[in-house]
Amino acid sequence: MKKIYAFESKCLGCGLCEVHCKTAHSKSKDIIKANKKENITSAIVIEEILQPKAVSYFALQCRHCQKPKCVKACISGAMYKTEDGIVKNNKDKCVACLSCVLVCPYGAVRKSKEGKSVSKCDLCIEVGTPQCVLHCPNDAIKLLDETEAEALK
């Protein structure tokens, strides 16, 4: 299974990944409406790392773990893993107990602004290609399998 990998050395911290994630998951699919008017939580977030003489950034999103703690902790059955390894959240079943948020070792599951659910990366399955990968101007976010990722390290 291919996963999203973030490369800190290439990330500018521009936030375009967040903008396009919100747009892809919006009702309007309009970049301005999605980011100004619709109350959407991005499934990817730019983290800032403060270093002695510099600042660096990296994109944080769901790792689609082999044994996801969020799925095990979910009391409503809303969080589940598909046969192809993608960890998804059924927002209609989610009761926003936030157990998944508490157990995610990466901090990749967040309380949603939209209401009684959580937000996490779904690899843009409905769109086709992860929009964060497609719109990253510096190739700091890539969709790779494990072998490809290891070769780039």
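The values are calculated or read from the model by the stated rules, or taken from the named source; none is laboratory data. From a predicted model like this one, the values you see are computed outputs, not experimental measurements. Reconstructed Cβ throughout: ideal geometry from the backbone, glycine too, with neighbour counts over all protein chains shown.
Miscellaneous remarks
- Check on THR41, on the phi < 0 side of the Ramachandran plot, without any contact (Cβ under 8 Å) to a residue 24 or more places away in the chain and not acidic (Asp, Glu): no
- Pairs where the first residue, in the stretch 113-132, is part of a loop (DSSP other than H, G, I, E, B) and the second is exposed (fewer than 13 other Cβ atoms within 10 Å of the Cβ) and not aliphatic (A, V, I, L, M), C-beta under 8 Å, 6+ apart: LYS113/ASN39; GLU114/ASN39
- Between LYS88, LYS22, LYS67, LYS93, the distinction of being part of a helix (DSSP H, G or I) and without any contact (Cβ under 8 Å) to a residue 60 or more places away in the chain belongs to LYS22 only.
- Of all the listed residues (ILE75, ILE49), the sole one being over 16 Å from the mean Cα position of the chain (by Cα) and modelled with pLDDT of 95 or more is ILE75.
- Residue count for the stretch 83-97, restricted to those that are within 18 Å of the chain's Cα centre (by Cα) and either under 14 Å from CYS62 (Cα atoms) or hydrophobic (A, V, I, L, M, F, W, C) (or both): 7.
- The numbered conditions (1) exposed (fewer than 15 other Cβ atoms within 10 Å of the Cβ); (2) modelled with pLDDT of 95 or more; (3) not polar (S, T, N, Q) are all true for ILE125 except (2).
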